[in-house]
Structures are given as C-alpha cells and as structure tokens.
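The values are calculated or read from the model by the stated rules, or taken from the named source; none is laboratory data. This one's a predicted model, so the numbers in the text were calculated from it and none came from an experiment. Counting neighbours? That spans all protein chains shown, and the Cβs are built from the backbone with ideal geometry, glycine included.
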Amino acid sequence: MATVGLLIALVSPAVRDRDGMPLSTFPMYAATRAEESTFITATGVDTTGAPVTLSALTISGSRDRLIAQSFLNDAVRRGDEASICRDIADRLDASVRGVEIATERHNTVARLRGEESLVERTVLAECERTSG
C-alpha cells in the first residue's frame with residue numbers, strides 16, 4: 001500500500017501539470033536548452049584595451065549573479081544601457097578604464113564545458129571611467 005501511495009505522489013505533478021516534489025515541470029529544469037544562448041554583459045576594459053571580468057557587485061551593487069543579470073537585462077529593455085554603463089564605470093578602480101555593455105551569443109554546450117563559446121558580440125554602449 002505504501003508503494004502505491006509513493007508512486008502516486010511521484011507521478012501526480014506530471015499528471016496534474018503542476019510543479020511539485022519530487023518532479024519539476026519548470027521549463028528551466030525540464031526542457032532541452034537551445035544550441036545557443038544570448039546574454040547581456042558588462043565587461044571592463046583595462047588600460048591596454050584588454051577585457052576585464054567585472055563582479056556582480058560592481059555591475060549591480062549585489063553579490064548575486066542572477067540579480068546582476070536581471071539588472072543588465074532590465075536596463076537594455078528600457079534603452080538605458082548608456083546610463084548604466086556610466087554608473088558601472090564610476091564604480092571601477094584605476095586599473096580599469098572603461099566598460100562595454102554588449103549582447104553576447106554563446107554556444108551553450110561549449111560555455112557549460114568552460115570552452116571558448118562566443119559566437120557573436122554586439123556592443124550596445126561604451127563608456128570611460130570618469131572618477132579619480
């Protein structure tokens with residue numbers, strides 16, 4: 001009897017099309033990822049012109065990377081990338097001279113493997129650090 005109850009509990013989220021333990025119907029967990037993924041990025045540029053990875057804290061004032069990504073997505077959606085670029089640039093230390101806000105398209109599998117994954121990059125805004 002306990003086995004039947006366990007099986008019903010296990011299958012019920014799929015049958016009811018509602019999320020629940022132990023099965024998840026959330027697409028981010030249950031769906032196949034696309035071959036390519038697109039992200040809005042904020043990248044520092046050092047005094048030699050080389051790219052510098054910026055922390056989530058520098059980008060958005062939060063240590064949470066998902067909040068930083070949402071912060072960038074919202075800014076671009078509003079058409080506010082130039083203003084956000086300047087705000088980020090003003091938080092940089094002297095070793096970083098500027099910021100680029102860009103749309104980047106990556107090969108999903110290569111990115112997850114930590115391999116070179118960039119397919120296309122379009123710069124939406126560029127700005128220089130103005131403070132001290």
Practice problem: Return the pairs, sorted by first residue and then second, in which the second residue is in a loop (DSSP other than H, G, I, E, B), the first residue lies in the range 110-131 and is touching a residue at least 60 places away in the same chain (Cβ under 8 Å), the beta carbons are less than 6 Å apart, and the residues are 6+ apart or on different chains. | Solution: 111/117
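Consider residue 86 carefully, then state whether it is surrounded by fewer than 19 Cβ atoms within 10 Å (Cβ to Cβ), on the phi < 0 side of the Ramachandran plot and assigned to a helix (DSSP H, G or I). Can you show your working first?
Working: surrounded by fewer than 19 Cβ atoms within 10 Å (Cβ to Cβ): yes; on the phi < 0 side of the Ramachandran plot: yes; assigned to a helix (DSSP H, G or I): yes.
In short, yes.
Suppose the filter is charged (D, E, K, R), modelled with pLDDT of 85 or more, within 20 Å of residue 117 (Cβ to Cβ) and in contact with a helix residue (DSSP H, G or I) (Cβ under 9 Å, 6 or more places away or on another chain); does residue 81 pass it?
Details: charged (D, E, K, R): yes; modelled with pLDDT of 85 or more: yes; within 20 Å of residue 117 (Cβ to Cβ): no; in contact with a helix residue (DSSP H, G or I) (Cβ under 9 Å, 6 or more places away or on another chain): yes.
Considered against the rule, which asks whether it is charged (D, E, K, R), modelled with pLDDT of 85 or more, within 20 Å of residue 117 (Cβ to Cβ) and in contact with a helix residue (DSSP H, G or I) (Cβ under 9 Å, 6 or more places away or on another chain), residue 81 comes out as no.
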Practice problem: Output yes when any residue across the range 94-106 is at pLDDT below 95 and surrounded by fewer than 16 Cβ atoms within 10 Å (Cβ to Cβ), and no when none is. | Solution: yes
Quiz prompt | Subset of the range 107-125 [in contact with a helix residue (DSSP H, G or I) (Cβ under 7 Å, 6 or more places away or on another chain), surrounded by 15 or more Cβ atoms within 10 Å (Cβ to Cβ) and of a type outside the set (Ser, Thr, Tyr)] | solution = 124, 125
